[in-house]
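Reading through the structure tokens given below for one structure.
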Amino acid sequence: MAKAKVSAAKPAASALAGLGPLLTAAAAPHRAYLAGLGVPPIWITMGEIFTAIFLAVYLLSCTCLTRVITKRSPSVGKRGAAHVYAPGRWLADAETNPSKHHAEVFILRYSACWILSVVVVIATAAYESWGKWGYMSYCGACAAPAVLYPLMFPLQGDVRRPLRDWYILKANVWIAIFSFIGNYWYTHYFYVVLRANYTFDAHRLNDVPIALYLMTHAYFMFYHVLSNAALRKIRSRYQPGRGRFAFECGAIAAMSYSTAFMESLTICGFPYYSFEDRDTAYTLGSAFYGIYFLVSFPMFLRVDEDVRADGKAPSEALARALPVGAADAMAGRMTHRAVFWEAMGSGMAVLCMLDFVRAYLGIDFKMLAGGH
């Protein structure tokens, strides 16, 4: 299996490189000091980027998050019931929304297993002996439990519930649609804009390894449960308003860039995924990839997030008299039809944003199904 070769410079790389000075315009003496210690320039740049990102988020938290949600304490003193700050929550409420709560716990536990397997595979270079079917088998094994395990062993929050109410199935549908769109369409923007390339032997669909469609499902299930937790903590801790909205936007941007960068960093040990300029892939490429999550993180949270009274729907007689989907809406649940269209709409929003960036950079786009 031949490893990827670095190709000659292309206009696309030149266009991106032209943005490089913006990242280092404020170069300070610390860069020379760190360089003298042998720290690679790219790590100095990334350190500066993340310092700026998290400093901005911290400043937003100090200036915008001023209205904390309070709740009445059950204990009553001389002056009546005291008000205490609501602690907020990371996971969906186990009492009012058990289906989503237990699904998120399951996804976190299941993700720990496949992440450990990826570490072992990369550390041992086990992929060197794989062929097309080896990649398909491994990536399929990483993705399959997200769907098959809950069907074979219903999660605690889904016991005695109809399948249409299972959050884990809706989450799988949403992520499957979004990750398919991402691989089928968005990957070609990486081919064109960042000169990325997959060089391992694989079955392909639209010049993207089919194994990656499967692996992306596992990755995205994990990412989006983490983003759910962070956004839910903000929304359940602070009162709604412009300040919270501004902080939430900053948090989403920070999480999007961080997620994209960490994925690029963790797979750098896999030699069959190459970039023309890896440093550019880390800096600007992470921002480009992060566009996915600017849209998907807040949109995915919407799925069954506002279930009320344990999602109890109206009586059967009333439900039959209501329009399709109205009963689920009254219970705060999202129908599978709504899940489908929201995932499709999110995919289109990301596609537009990626193409706006490409057009701004003046890069021609061509999708080649037979190989780029």
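The distance between label points at Asp306 and Cys352 comes to 2.2 nm (points 7 Å beyond Cα on the Cα→Cβ vector).
So between Cys249 and Ala125, what do we pick up on full extension, going 0.36 nm a residue minus the alpha carbon distance?
Details: separation 124, 0.36 × 124 = 44.64 nm, distance 3.92 nm.
40.7 nm is the gain from fully extending Cys249 to Ala125.
Rolling a 1.4 Å probe over the heavy atoms of the protein chains gives the stretch 209-250 an accessible area of 36 Å² per residue. For the pair Leu116 and Thr335 in one chain, pulling the backbone fully straight at 0.36 nm per residue adds 75.4 nm over the alpha carbon distance.
Between the beta carbons of Asp93 and Ile42, assuming R0 = 30 Å, the FRET efficiency works out to 0.10 to the nearest 0.05. Less than 5 angstrom separates the built amide H of Leu205 from those of Ile210, all sequence-distant by 5 or more or on a different chain. The modelled label-to-label distance between Ala32 and Val57, using points 7 Å beyond Cα along the C-beta direction, is 3.3 nm. With the simple spin-label model, which puts each label point 7 Å out from Cα in the Cβ direction, the Lys366 to Ser137 separation comes to 3.9 nm.
The values are calculated or read from the model by the stated rules, or taken from the named source; none is laboratory data. Quick caveat: nothing in here was measured; it's all calculated off a predicted structure. Note that we place each Cβ from the backbone using ideal geometry, even for glycine, and neighbour counts take in every protein chain shown. With ligands, DNA and RNA removed, areas are computed over all heavy atoms of the protein, side chains included. Shrake-Rupley method; radii C 1.70, N 1.55, O 1.52, S 1.80 Å.
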